[in-house]
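Have a look at the structure below, then the notes.
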Amino acid sequence: MQNRIVRVFASVACAAIFLAAADLDKIQRVENGLRGPIAIKDRPIAKSSVNERMNFYHVPGVTVAVIDGGKVDWARGYGVTSAEGGTPVTAETLFQAASISKHVAAMIALHLVDAGKLALDEDVNLKLRSWKVPENDFTKTEKVTLRRLLNHSGGLTVHGFPGYEAGTTVPTLAEVLDGKKPANTQPIRVDVTPGTLWRYSGGGYEVMQQLVIDVGTKPFPQLAQEFVLGPLGMTHSTYEQPLPSSLEAKAATAHDSKGLPIKGKYHTYPEMAAAGLWTTPSDLARVVLELQNGGHVLKSATQREMLTKVLGDYGLGLSLGEKEGQKSFSHGGSNAGFQCMMFAYLSGGRGAIVMTNGDRGGALADEILRSVAIEYGWPDYRPQEKVIAQVGEETLRSYAGMYQFPNGRAIAIAVENGRIWIKQPNADRVEIFPESATSFFNITGGVPPLRFMQKDDKSVELTAGGATAKRQ
């Protein structure tokens, strides 16, 4: 695939067509400054280029938009739309936004709030017409409201959606809501008292999708175009599912963790509000700028509601954070063969969006955002500094072997010349470093902190990402 990776640049309406030499230098420093989440004290920081990390993660195509000073500073595409005869990715290539679809969809619903057709804190069943949230013991005293749906605190089930392969029957929204065939997910139901727990629920956003359709009395993609996409000038975006044939030539193909195209190029997502937006980073930058400045889609008070925490570190459709006194909003996305990330600050007109067409693109997006953060002076995404502990080779060798997790997933630990490595399924092996005699970390990303434990019976266990594996 390496010879196919071609870097290209395309200007967009909201990006400068001509860049000063200093601007080009800035872009090139970002492109060649990718690094992992960990820096080792007193060692030079290992840096890589976008293309090098695309090859490492088996991601054929990437597109990026960087916002600075309240405008798109630059936007570029890298690689190809498909590993099998694709065309160069440009800033106008369409990618699936996956869960980044959610906060854009939230703006559609909130537009109806501004119009007086919906209320944030009323029972959604009062306005739902073609389907209603089934009542049960959990909804006796507390109701599912729009605010709770958008905040993931409505008590609803179904975390996310796998989509539908090309050639398979796609269910209606009603079939998705009730988990009826051909839907491939469970019924969306309330199993926790609404308003008492933050729990991510793509299912809740599908209830919101039905609510918007019932109140707006038009198909969801049309309402999206009228309320958000059109007013913001998002000319390379659509919620239409499946993707219209007229747009297929502009779309990237989804790829698995090995960098191979998935069957049928990409999945279809009738769960539009939760995962169905096709777009570009430059178009998503328009949403970011709207959230930062307002004036086109929502009333200022409603816009502030989106960016105010309810339960969890979450507003209405957005994760909310703060570091060194600078407040931020963000959202990631993961569809079959597509991974993406949006991050921005409430003030200063700063942010960035990265979209990829590979199942391992999330780690790549983080590395790109980390490079952007260093170049633009963000407090977030900076590497954490760690010190390597001195651990003898005999101790390291005592950890070598195959480990199996309860879900059947296996990883290998190997030791060579005093260095220790981990090999995960469908991934290249990477070196890990000791923080203590039992705790280890990786500097390139993609590997959670590891902890080894030797039991009284001489067996060895490995804990990673909250799960424990036994050596075989």
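Here are a few things to note about the model shown:
- Unique residue being open to solvent by 20 Å² or more (accessible area, probe 1.4 Å) and either under 27 Å from K140 (Cβ atoms) or part of a loop (DSSP other than H, G, I, E, B) (or both) when the list is V170, V207: V170
- If you go through segment 46-72 and keep only what is surrounded by 24 or more Cβ atoms within 10 Å (Cβ to Cβ) and more than 19 Å from the chain's Cα centre (by Cα), you end up with just V72.
- In segment 388-397, the residues that are exposed (fewer than 12 other Cβ atoms within 10 Å of the Cβ) and in a loop (DSSP other than H, G, I, E, B): Q390, G392
- Which numbered condition T438 misses (of (1) in contact (Cβ under 8 Å) with a residue 60 or more places away in the chain; (2) under 20 Å from F405 (Cβ atoms); (3) not aliphatic (A, V, I, L, M)): (1)
- Among residues of segment 253-278 that are in contact (Cβ under 8 Å) with a residue 40 or more places away in the chain, those with a beta-carbon under 6 Å from a residue that is among the basic types (K, R) at least six positions away or on a different chain give the pairs T253/K265; S257/R360.
- Given (1) under 21 Å from the mean Cα position of the chain (by Cα); (2) closer than 22 Å to G70 by Cα, index of the condition V297 fails: (1)
Okay, residues lined up against (1) small (G, A, S); (2) surrounded by 15 or more Cβ atoms within 10 Å (Cβ to Cβ); (3) in a strand (DSSP E or B):
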{"residue": "A427", "(1), (2), (3)": "yes, yes, no"}
{"residue": "S436", "(1), (2), (3)": "yes, no, no"}
{"residue": "G446", "(1), (2), (3)": "yes, yes, no"}
{"residue": "F452", "(1), (2), (3)": "no, yes, yes"}
{"residue": "A469", "(1), (2), (3)": "yes, yes, yes"}
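- Subset of segment 398-414 (residues that are at pLDDT below 90 and either buried (at least 17 other Cβ atoms within 10 Å of the Cβ) or among the charged types (D, E, K, R) (or both)): R409
- Residue within segment 124-131 that is open to solvent by 40 Å² or more (accessible area, probe 1.4 Å), outside any loop (DSSP other than H, G, I, E, B) and small (G, A, S) present: no
- Every residue from segment 211-244 that is in contact with a Ser or Thr (Cβ under 7 Å, 6 or more places away or on another chain), over 15 Å from A275 (Cβ atoms) and not in a loop (DSSP other than H, G, I, E, B): D214, L229
- Of all residues in segment 257-281 being over 20 Å from E206 (Cα atoms) and within 16 Å of the chain's Cα centre (by Cα), the one that is most open to solvent (accessible area, probe 1.4 Å): S257
- Qualifying residue in segment 154-166 (condition: open to solvent by 70 Å² or more (accessible area, probe 1.4 Å) and either farther than 30 Å from I262 by Cβ or touching a residue at least 12 places away in the same chain (Cβ under 8 Å) (or both)): yes
- Residue satisfying condition, being modelled with pLDDT of 95 or more and open to solvent by 50 Å² or more (accessible area, probe 1.4 Å), within set D366, D380: D366
- Within this structure, E305 passes the test of being open to solvent by 60 Å² or more (accessible area, probe 1.4 Å), on the phi < 0 side of the Ramachandran plot and acidic (D, E).
- Any hit, segment 96-113, residues being within 22 Å of P261 (Cβ to Cβ), at pLDDT below 95 and in a loop (DSSP other than H, G, I, E, B): no
- Which numbered condition E175 misses (of (1) assigned to a helix (DSSP H, G or I); (2) under 15 Å from M272 (Cα atoms); (3) in contact with a helix residue (DSSP H, G or I) (Cβ under 9 Å, 6 or more places away or on another chain)): (3)
- Subset of segment 415-425 [among the hydrophobic types (A, V, I, L, M, F, W, C) and either in a loop (DSSP other than H, G, I, E, B) or open to solvent by 40 Å² or more (accessible area, probe 1.4 Å) (or both)]: W421
- Selection from segment 189-204 of residues that are open to solvent by 10 Å² or more (accessible area, probe 1.4 Å) and farther than 15 Å from G160 by Cβ: R189, D191, V192, T193, G195, T196, L197, W198
- When Q241, Q186, Q225 are checked against the criterion of being of a type in the set (S, T, N, Q), open to solvent by less than 70 Å² (accessible area, probe 1.4 Å) and out of contact with any Lys or Arg (no Cβ under 9 Å at 6 or more places or on another chain), Q241 stands alone in meeting it.
The values are calculated or read from the model by the stated rules, or taken from the named source; none is laboratory data. Here the structure is a predicted model, which means the values were calculated and not measured. Positions of Cβ are generated from backbone atoms using ideal geometry, with glycine treated the same way; all protein chains shown enter the neighbour counts. We work out accessible area using only protein heavy atoms, side chains counted, and drop any ligands, DNA or RNA first. Shrake-Rupley method; radii C 1.70, N 1.55, O 1.52, S 1.80 Å.
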